[in-house]
Amino acid sequence: MVVSARKARKDLSADSLFRLIRSRLDRIPDTRAGEVEIPLGDALMSGFALFSLKDPSLLAFDQRRQDPNDNFRTIYGIDHVPCDTQMRAILDPVAPDHVLPLFGDVFRRLQRGKALERFRYLDGYYLVSLDGTTYFSSTKVHCASCLEKHHRGGGVTYSHQLLGATLVHPELKEVIPLAPEPIIQRDGQTKNDCERNATRRWLERFRREHPHLPVIVVEDALSANAPHLRDLRAARAHYIIVVKPGDHAFLFQHLQAVDEAGRMQGLTLHDPATGILHHFRSCNGAPLNESNPDVSVNVLEYWEIHPDGTVQHFSWITDFLLTPDNVWDIMRGGRARWKIEDETFNTLKNQGYRLGHNYGHGERNLSVVLALMMMLAFLVDQVQQLCCPLFQAAWGKMKTKCHLWDEIRTHFRTLLFDSMAELLTALVRGIAPRKPVFENSS
């Protein structure tokens, strides 16, 4: 297979991003007293390498320390790889807030390299899909950061959740994760953290780190409430948010009254290639709900009508003034929200990263730190998928991501490479077999 002639971006290659991540990890303060056997930077980078290689467990990763090569040093810059017990002990005290800035480091490099221009959407804005997910749940294993659900019949379920934030585009399969926001029990709190509080923290952190980035936040119906809309306005973020008749009865009653008065805007488009009818109905300046009549929103309803009679209905609120010229783009932007579920969480759960597998829980922060390292490895992989012809060629040859990860692990274990680029080149071009050399016994 011939590698694409498109010029590779060296500053966005895996090897360059590995060095960037390692330099940031080396700046995280080590709270351990006295001399240490394994530097914190080595332990953190080992946690990253665990998910970069997609090893199925910490034990499997630990066994790599016996490999007869030096790939941890040459590829990941790790001089001392901790055993599984050491890694858990070293990473457990690390504050998640020290890890989150790494996402911004990678994102700014993408910005400088103009790699994000393809993600620009309506009026030059970027679509950011926000959603929460649970990645750990147990009735026995828990730590100080766990959320707690106390059941009426007795017993407690412990869990870890995070708010994911992903740059998406309707026409791109790739997604670019931004720094997530852990939803955790914090010191001094007696009440569980929640997705709404995490979203407020995320918006504040996002605007501090990216003060000028123009974004449209796309979210599910749980976010269609007045306090959140005020938070979005304060963060200078536009929005496209799902609304449902069952959850927003007052809003849809208003729409019905406007429609009966003949004041709704309508548009129907026919796709001759598929026979699908696209019907839009919109209303500007509708009151969000009875409790907040002063909060006005613009409402878009959309019906996708197939030739066989199948009908899908969607509805959103937005702060964009709706016109016949932009309802198509608003609809596509709203539907791109699913990419955080389909292309992010499902990928992390089903394509080698194993989100939801308990790699180690710890007593304080281990579970959260490992989840952030997994998301960071996923970010680097998405950058490779978007920007690296060598990665694209290796993936094309292997056909599936899972096969690609298998081959990377196998080559990492059996051969010595100076870089990830050299390993990927070996996957693309193959390794020439060598004839055995026999010593002369005479």
Next on the checklist: Could you check region 89-100 and list, in sequence order, the residues that are touching a residue at least 60 places away in the same chain (Cβ under 8 Å) and either outside any helix (DSSP H, G or I) or open to solvent by less than 40 Å² (accessible area, probe 1.4 Å) (or both)?
Outcome noted: Leu91, Asp92, Pro93, Val94, Ala95, Pro96, Val99, Leu100
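Yes or no, residue by residue, for (1) under 19 Å from Phe103 (Cβ atoms); (2) within 18 Å of the chain's Cα centre (by Cα); (3) open to solvent by less than 50 Å² (accessible area, probe 1.4 Å):
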| position | (1), (2), (3) |
| --- | --- |
| Tyr158 | no, no, yes |
| Leu162 | yes, yes, yes |
| Pro177 | yes, yes, yes |
| Gln185 | no, no, yes |
| Arg205 | yes, yes, yes |
| Asp220 | no, yes, yes |
| Ala235 | yes, no, yes |
Item to check | Matching entry among Arg19, Arg9 (being touching a residue at least 60 places away in the same chain (Cβ under 8 Å) and open to solvent by 60 Å² or more (accessible area, probe 1.4 Å)) | outcome: Arg9
Checklist entry - For Glu37, which of the numbered conditions (1) open to solvent by 10 Å² or more (accessible area, probe 1.4 Å); (2) assigned to a helix (DSSP H, G or I) fails to hold? => result (2)
Next on the checklist: With the structure loaded, tell me whether Leu322 is assigned to a loop (DSSP other than H, G, I, E, B), over 29 Å from Ala179 (Cβ atoms) and in contact with a helix residue (DSSP H, G or I) (Cβ under 8 Å, 6 or more places away or on another chain) or whether it fails that test.
Outcome noted: yes
Checklist entry - Name the pairs whose Cβ atoms lie under 7 Å apart, with the first residue in region 101-124 and closer than 27 Å to Arg27 by Cα and of a type outside the set (A, V, I, L, M, F, W, C), the second at pLDDT 95 or above and part of a helix (DSSP H, G or I), and 6 or more positions between them or separate chains? => result Pro101/Arg24; Gly104/Glu209; Asp105/Leu20; Asp105/Arg24; Arg109/Leu12; Arg109/Leu20; Gly113/Leu12
Checklist outcome for this item: Checked Asp123, Asp55, Asp26 against criteria (open to solvent by 20 Å² or more (accessible area, probe 1.4 Å) and touching a helix residue (DSSP H, G or I) at 6+ places or on another chain (Cβ under 7 Å)); the one match is Asp26
Item to check | Residues located in region 394-425, provided they are outside any helix (DSSP H, G or I), open to solvent by 30 Å² or more (accessible area, probe 1.4 Å) and of a type in the set (A, V, I, L, M, F, W, C) | outcome: Leu415, Leu416
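The values are calculated or read from the model by the stated rules, or taken from the named source; none is laboratory data. What you see is a predicted model, and the numbers here were worked out from it, not measured in a lab. No Cβ is skipped: glycine too gets one built from the backbone with ideal geometry, and neighbour counts run over all protein chains shown. When the accessible area is computed, the model is the full protein with side chains, heavy atoms only, and any ligands, DNA or RNA have been set aside. Shrake-Rupley method; radii C 1.70, N 1.55, O 1.52, S 1.80 Å.
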